[in-house]
Amino acid sequence: MDLTILYRGPLASCDYDCPYCPFAKRRDSRAQLTSDREALERFTAWAAAQTGDRLSVLFTPWGEGLVRSWYRRALTELSHLPHIGRVAIQTNLSGRTAWLADADPERIALWCTYHPGQTPYERFLGKCRELSARGIRFSVGVVGFEAHLEEARRLRAALPPEVYLWVNAAEGRTYTDEEAARWTELDPLFPYSRHPHRSAGLPCRTGESVISVDGEGTVRRCHFVKAELGNLYDGSYRRALGPQACPLAVCDCHIGYVHLETLPLYDVFAGGVLERIPAGPGAGPTPDGPLVPGPTRRTLPLLNP
């Protein structure tokens with residue numbers, strides 16, 4: 001089996017306090033951190049044992065994982081396993097990078113988000129340069145708030161041209177054509193993020209070759225569909241895998257719509273779907289013409305602790 005897994009354990013604490021994030025500056029208790037570590041170690045042990053499968057893993061924690069030793073250890077260990085095609089994590093890049101010296105740079109990758117106002121620009125850029133010096137695959141991105149535009153332009157100018165800078169449309173934000181054009185100058189693929197994508201009844205790789213797993217091992221087709229497919233650890237999820245149409249009206253998050261078969265994003269990000277790295281700078285078809293905008297982007301609801 002060739003399977004991509006999006007893992008999200010109970011970790012929900014973060015060292016940043018971004019005003020647009022429901023988990024800003026949240027602190028997990030010691031018991032919660034212990035639970036998250038045990039869940040991650042269980043998942044890592046399961047993934048290591050699946051030598052008959054070909055796995056790719058993206059960690060998508062609500063909080064910041066790389067400030068926790070168990071996430072660094074999991075990424076390092078998985079990167080050395082021959083049946084792991086790629087292991088990646090979404091991170092704010094606030095932590096140190098020296099630990100990457102022990103990882104396999106051919107298999108590990110980072111999906112980094114720059115949050116202006118949360119970290120000094122030079123510090124973040126310095127971390128990016130450390131990644132480049134270590135030969136680590138990574139992408140860098142920002143949330144498309146107008147207040148972030150100049151900082152994003154500054155970062156784009158300083159990064160090597162081969163480093164992809166992506167832009168996420170802000171939740172609840174509607175962009176005029178003029179505003180969208182400014183962001184598209186930085187990220188030619190921004191139009192894919194600008195509008196939610198109509199997905200109801202359309203074929204999607206989630207539930208077939210892509211699954212979402214939580215800390216209990218519960219398997220769902222993706223982070224956004226609550227229906228359960230089974231459990232990872234008893235193998236019951238395997239019986240539910242197969243071609244499945246999306247049950248939701250729209251999909252408005254990159255880690256969801258990148259898997260829609262009606263979009264060309266597997267070609268655009270060929271070899272870099274997990275870490276959000278295009279096959280080449282701005283590679284692949286642009287969304288001009290065939291893309292049909294969906295409804296206005298919804299506001300992200302705050303989740304209960």
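The values are calculated or read from the model by the stated rules, or taken from the named source; none is laboratory data. Please read these numbers as outputs of a predicted model, since none were measured by experiment. Heads up, the Cβs are rebuilt from the backbone with ideal geometry, glycines too, and the neighbour counts pull from every protein chain shown. Note: areas computed on protein heavy atoms with side chains; ligands, DNA, RNA excluded. Shrake-Rupley method; radii C 1.70, N 1.55, O 1.52, S 1.80 Å.
Using the 1.4 Å probe convention, the accessible area of segment 2-269 works out to 41 Å² per residue with neighbouring protein chains retained. In a simple Cβ point-charge model (Lys, Arg +1; Asp, Glu -1; nothing else charged), the chain has a dipole of about 460 debye relative to its Cα centre.
Note on the chain: helix-only mean residue ellipticity at 222 nm, from DSSP H runs of 4+ residues weighted -39500 (n - 2.57) and normalised by residue number, equals -7500 deg cm²/dmol. Please express the Cα-Cα pair-distance distribution P(r) of segment 137-246 as a list of whole percents, one per 5 Å bin, running from 0 to the bin with the greatest distance. For segment 137-246, the binned pair fractions read 2, 11, 17, 13, 11, 13, 14, 10, 6, 2, 0 percent. Here the relative contact order of the chain, from alpha carbon pairs under 8 Å that lie six or more residues apart, stands at 17 percent.
Distance from the alpha carbon centroid of segment 109-174 to that of segment 176-221 works out to 19 angstrom. Distances between placed amide hydrogens fall under 5 Å for TYR16 paired with LYS25, all partners being 5 or more residues away or on another chain. For TRP166, the residues whose amide H sits under 5 Å from its own are VAL140, GLY141, VAL142, ignoring neighbours fewer than 5 places away on the same chain, with H placed 1.01 Å from N.
What is the sum of charges around ALA227, taking Lys and Arg as +1, Asp and Glu as -1, for the other residues whose C-beta is under 12 Å from the C-beta of ALA227?
+2
Given the alternatives (1) 124; (2) 148; (3) 140, volume of the Cα convex hull per residue in Å³ as computed for this entry is given by (1).
Beta bridges assigned by DSSP with both partners in the chain are antiparallel in approximately 25 percent of cases.
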